[in-house]
Amino acid sequence: MSTKILLVDDHKLFREGVRRILEFEEDFEVVGEGDDGTVAIDLITEHQPDVVLMDINMPKRNGIETTAEVTERFPELKVIILSIHDDENYVTHALKTGAQGYLLKEMDSESLIEAIRVVSGGGSYLHPKITHNLVKEYRRLSDGTSDFAYKAVEYRKPLHLLTRRECEVLQLLADGNSNKGVAESLYISEKTVKNHVSNILTKMNVNDRTQAVVTAIKNGWVEVL
């Protein structure tokens, strides 16, 4: 079955670009488009999408407000926020409203496609740069520069759980690399990277790469540089 996708963004040119990318995927179907959060509810009711790609900044009603209403009225619907902001406050606010994903508009097509697949499958997805910022924030907290400092965890590779190659992949994910970036760093194919990531998620008993990185940070399985 195909994943039905609704695009809500006030920039027509951006929507057209995203639509072209998604139409190359046989299991994706773009069922509708809107230019503001005010029309989102009607579009969702009409087209019954599985995933909504929601711009965070729109003129009449922004993506945060819209996502809050959408996730309350349609609890089975998955929302991925599209944004130019990588600030932690924007990300946290978006996730609190019920969004399952947060992508920066500087994303590559691979990240977009992967995010939709992960989120439609019940997982969550953060843009690799956001994941890297999460690691930096954890380091700041661990260094004691915040009132909510965490106890620093001694770094150790999880060789009891993962292979050496999988440890390398996990570290590169924590550094904010996409699958393509991991492949280039390790001189392996993206398909091989996807296989490694899948193995890592299974062995760590997590649903997605974001959870894998957070778990790895908490256990000291990746170096926080």
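Run the simple label-point estimate for residue 42 and residue 105 please: 7 Å along Cα→C-beta, distance reported in nm.
Those two pseudo-labels are separated by 2.4 nm.
Counting only C-alpha contacts under 8 Å and six or more residues apart, can you give the relative contact order of region 156-219 as a whole percent?
31
Grab the beta carbon distance between residue 24 and residue 211, set R0 = 35 Å, and tell me the FRET efficiency rounded to 0.05.
0.80
Beyond 19 Å between alpha-carbons counts as too far, so tell me which of 157/218; 129/157; 4/60; 96/218; 157/203; 4/78 fall in that bin.
Correct reply: 129/157; 4/60; 96/218.
Obtain the nm distance between the two label points defined at residue 10 and residue 88 by a simple spin-label model: each point lies 7 Å from its Cα along the Cα-to-C-beta direction.
Calculated label separation equals 2.9 nm.
With +1 assigned to the C-beta of every Lys and Arg and -1 to the C-beta of every Asp and Glu, and no other charges, what is the dipole magnitude of the chain about the Cα centre in debye, to the nearest 20?
Using Cβ point charges on Lys, Arg, Asp and Glu, the chain gives about 980 debye.
Heavy atoms only, probe 1.4 Å: what % of the accessible area of region 164-219 goes to carbon and sulfur, would you let me know?
Accessible surface attributable to carbon and sulfur in region 164-219 totals 43 percent.
List, in order, the whole-Hz ³J(HN,Hα) value for each residue of region 63-80 obtained from phi through the Karplus relation with A = 6.51, B = -1.76, C = 1.60 and θ = phi - 60°; use x for Gly and Pro.
Residue by residue, region 63-80 yields x, 5, 4, 5, 4, 4, 6, 4, 5, 6, 7, 10, x, 7, 6, 9, 10, 10 Hz.
Between residue 203 and residue 218, how many nm apart are label points set 7 Å from Cα along the C-beta direction?
Once both label points are built, they end up 2.0 nm from each other.
Find how many whole Å separate the alpha carbon centroid of region 75-132 from the alpha carbon centroid of region 22-69.
Here the answer is 14 Å between Cα centres.
If you bin the C-alpha pair distances of the chain every 5 Å from 0, what whole percents do you get?
Answer for the chain: a P(r) of 1, 7, 14, 18, 18, 15, 12, 8, 5, 2, 0 percent.
Residue by residue, what Karplus-based ³J(HN,Hα) values in Hz, rounded to whole numbers, does region 16-21 have, using 6.51, -1.76 and 1.60 with θ = phi - 60° and x for Gly and Pro?
4, x, 5, 4, 4, 4
Skipping prolines and chain starts, which residues have an amide H placed within reach, meaning under 5 Å, of the one on residue 79, given they are 5 or more residues away or on another chain?
Long-range HN contacts for residue 79: 52, 100, 101.
Could you compute the FRET efficiency for residue 195 and residue 161, with r as their C-beta to C-beta distance and R0 at 25 Å, rounded to 0.05?
Once the sixth-power term is evaluated, E becomes 0.90.
The values are calculated or read from the model by the stated rules, or taken from the named source; none is laboratory data. This is a predicted model, so every value here is computed, not measured. With ideal geometry, Cβ positions are generated from the backbone for all residues, glycine too; neighbour counts draw on all protein chains shown. Accessible surface areas use protein heavy atoms only, side chains included; no ligands, DNA or RNA. Shrake-Rupley method; radii C 1.70, N 1.55, O 1.52, S 1.80 Å.
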